[in-house]
Amino acid sequence: MITLASDFGTPYPAAMKGVVLSKTDARLVDVAHDFPRQDVRTAAFWLREVLPYFPPAVHLAVVDPGVGTDRAAVVVRAGDHALVGPDNGLLLPAARRFAERQDESDEGGEPTEIELFDYAYENPDSATFHGRDVFAPAAAAVHEVGVDAVESLDAVSPTGEFVDLSFPAPEVGERAATGEVLVVDDFGNAVTNLPGDLLDGRDVATVDSERVPVGASFAAVAPGERLLTVGSHGNVELAVNRGRGDDAFGVGVGDEVRLGCDG
């Protein structure tokens with residue numbers, strides 16, 4: 001199986017699929033091709049939250065503001081999975097989550113190592129479409145040799161130099177925590193980096209000194225009302241039942257959120 005994700009919209013992903021299918025008979029599964037354009041961090045967040053639910057696979061992901069520059073192409077191996085894409089941090093959060101999940105399922109075993117490989121390429125047909133000319137062939141090649149044998153490919157070599165990406169940690173005190181909005185989903189839910197257990201056992205909390213109900217689901221409040229809830233990712237969300245949390249709370253990606261839990 002090869003999954004595909006990008007910020008390409010349409011029709012560009014079809015060209016990537018055509019290249020892959022000309023080199024392998026792998027099953028292809030689209031994750032998303034409508035990530036915010038050139039927004040590496042947002043795409044990395046959603047890849048981290050979505051890809052670990054797949055069985056072992058090769059994951060082709062391209063959000064690449066540096067296309068055509070000297071940025072490297074990388075293959076990342078984490079347990080039974082391999083990720084292929086640009087060396088801009090996009091793949092690392094998902095790789096770490098793969099490793100965490102494998103360690104949880106193999107309790108008592110050796111920690112899963114994340115291994116990075118440079119993927120060498122020369123003179124692609126286009127300087128603006130490495131998804132088609134570099135990463136699609138790379139993903140097909142990795143699939144054909146198998147994740148366990150990535151290093152057998154002539155084009156790959158182990159590397160310790162790579163662009164990393166991680167998400168900021170919140171500051172959690174006894175009565176309050178300060179975090180930030182990581183992403184806003186298509187429903188308008190503002191997903192923060194605040195851990196969901198901050199809301200455990202609470203019916204109300206404060207956001208920037210305003211009291212807000214806490215609910216296990218959006219329907220815990222009337223339509224149009226604000227609430228705090230814990231999303232499927234385990235983080236605190238600023239939300240509205242049948243509305244947009246980002247608008248109602250006046251927040252966007254990167255904005256600070258101060259959560260009080262003494263109410």
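The values are calculated or read from the model by the stated rules, or taken from the named source; none is laboratory data. No experiment lies behind these values; they were computed from the predicted model shown. Glycine also receives a Cβ, built like all others from the backbone with ideal geometry; neighbour counts cover every protein chain displayed. All accessible areas refer to the heavy atoms of the entire protein, side chains included, with ligands and DNA or RNA removed. Shrake-Rupley method; radii C 1.70, N 1.55, O 1.52, S 1.80 Å.
Return, ordered by residue number, the residues of region 180-219 whose backbone nitrogen is under 12 Å from a label point located 7 Å along Cα→Cβ of Glu174. Counting backbone N atoms under 12 Å from the label point, the list is empty. Computing the accessible area with a 1.4 Å probe over protein heavy atoms, can you report the carbon and sulfur percentage for the chain? Exposed carbon and sulfur together represent 46 percent of the surface.
How high is the relative contact order of the chain, given as a whole-number percent (alpha carbon pairs under 8 Å, six or more residues apart)?
Values: 551 pairs, mean separation 40.2, N = 263.
After rounding, I find 15 percent.
Name the shape class, rounded, prolate or oblate, that the alpha-carbon gyration tensor gives for region 180-263, where a ≥ b ≥ c are the square roots of its eigenvalues, rounded holds for a/c under 1.5, and otherwise prolate holds if a/b is larger than b/c and oblate otherwise. Because its axes are fairly even, with a/c under 1.5, region 180-263 counts as rounded. With viscosity 1.002 mPa s and temperature 20 °C, the Kirkwood radius over alpha carbon pairs of the chain converts through Stokes-Einstein to a diffusion coefficient of 108 µm²/s. In this simple spin-label model, placing a label point 7 Å from the Cα along the Cα-to-Cβ direction at both Arg37 and Arg71 gives a separation of 1.6 nm. If one takes the longest principal axis of the Cα atoms in the chain, at what angle in degrees, from 0 to 90 and to the nearest 10, does the Cα axis of helix 40-50 lie? Long axis of 40-50 versus the principal axis of the chain: about 90 degrees. In this calculation the C-beta distance from Ala149 to Val204 is compared with R0 = 41 Å, giving a FRET efficiency of 0.15.
Please get the size of the charge dipole for region 1-58, origin at its Cα centre, with Cβ charges of +1 on Lys and Arg and -1 on Asp and Glu, quoted in debye to the nearest 20.
On the way: 6 positive and 6 negative charges, 27 e Å.
So the dipole magnitude of region 1-58 works out to roughly 140 debye.
Scalar couplings 3J(HN,Hα) for region 145-156, obtained by applying the Karplus form with A = 6.51, B = -1.76, C = 1.60 to θ = phi - 60°, are 7, x, 4, 5, 10, 3, 5, 7, 6, 4, 7, 9 Hz; x denotes Gly and Pro.
Would you tally the net charge around Val62, using a Cβ to Cβ cut-off of less than 10 Å, leaving Val62 out, and scoring K and R as +1, D and E as -1? Each step should come with its number before you reach the end.
Details: positive: Arg132; negative: Asp7, Asp64.
Local charge sum for Val62: -1.
Between Asp255 and Glu161, the FRET efficiency estimated from the beta carbon spacing at R0 = 41 angstrom works out to 0.80. For His33, nonlocal amide neighbours, meaning residues 5 or more places apart or on other chains whose placed amide H falls under 5 Å from its own, are Ser6. Applying the Karplus relation 6.51 cos²θ - 1.76 cosθ + 1.60 with θ = phi - 60° to region 28-37 yields 3J(HN,Hα) values of 10, 10, 7, 8, 6, 10, 10, 4, x, 4 Hz, where x marks Gly and Pro. In this structure region 69-140 gives 44 Å² per residue of accessible area when probed at 1.4 Å with all protein chains present. Where does helix 92-105 land angle-wise versus the long Cα axis of the chain, in degrees 0 to 90, nearest 10? On a 0 to 90 degree scale, this one is about 80.
Residues in region 198-257 average 52 Å² of solvent-accessible surface per residue, probe 1.4 Å, ligands and nucleic acids excluded.
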